[in-house]
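All remarks here apply to the structure that follows.
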Amino acid sequence: MITTIQVQKESNTESNLSLIKRFSRRLQGSGILRRAKAHRYTERPLSACKKKKQALKRITRRVEIERLRKLGLWNEVSYKKS
């Protein structure tokens with residue numbers, strides 16, 4: 001839903017500060033700012049293809065770690081994430 005808010009100077013003597021105040025009051029009254037802040041951090045759900053790719057990456061990483069452990073080449077301390 002697109003909502004436009006327009007504010008024009010009522011007279012030549014109206015200051016820019018009062019114009020900005022009128023605009024911000026209309027913006028808050030319309031609820032646009034509140035909706036934008038509410039949806040600021042929402043993320044789209046991952047697609048099925050992306051989920052599968054991530055799962056395959058995890059599986060291959062686990063298999064590789066297990067292979068290195070069996071060979072004795074896996075050093076726990078150097079590979080841990082900080």
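Of everything in the range 60-82 that is part of a helix (DSSP H, G or I) and of a type in the set (S, T, N, Q), the residue that is modelled with the lowest pLDDT is 78.
Annotation: of all residues in the range 1-56 being in contact (Cβ under 8 Å) with a residue 12 or more places away in the chain, part of a loop (DSSP other than H, G, I, E, B) and surrounded by 11 or more Cβ atoms within 10 Å (Cβ to Cβ), the one that is nearest to the chain's Cα centre (by Cα) is 5.
The values are calculated or read from the model by the stated rules, or taken from the named source; none is laboratory data. Here the structure is a predicted model, which means the values were calculated and not measured. All Cβ positions, even for glycine, are placed from backbone atoms using ideal geometry, and neighbour counts span all protein chains on display.
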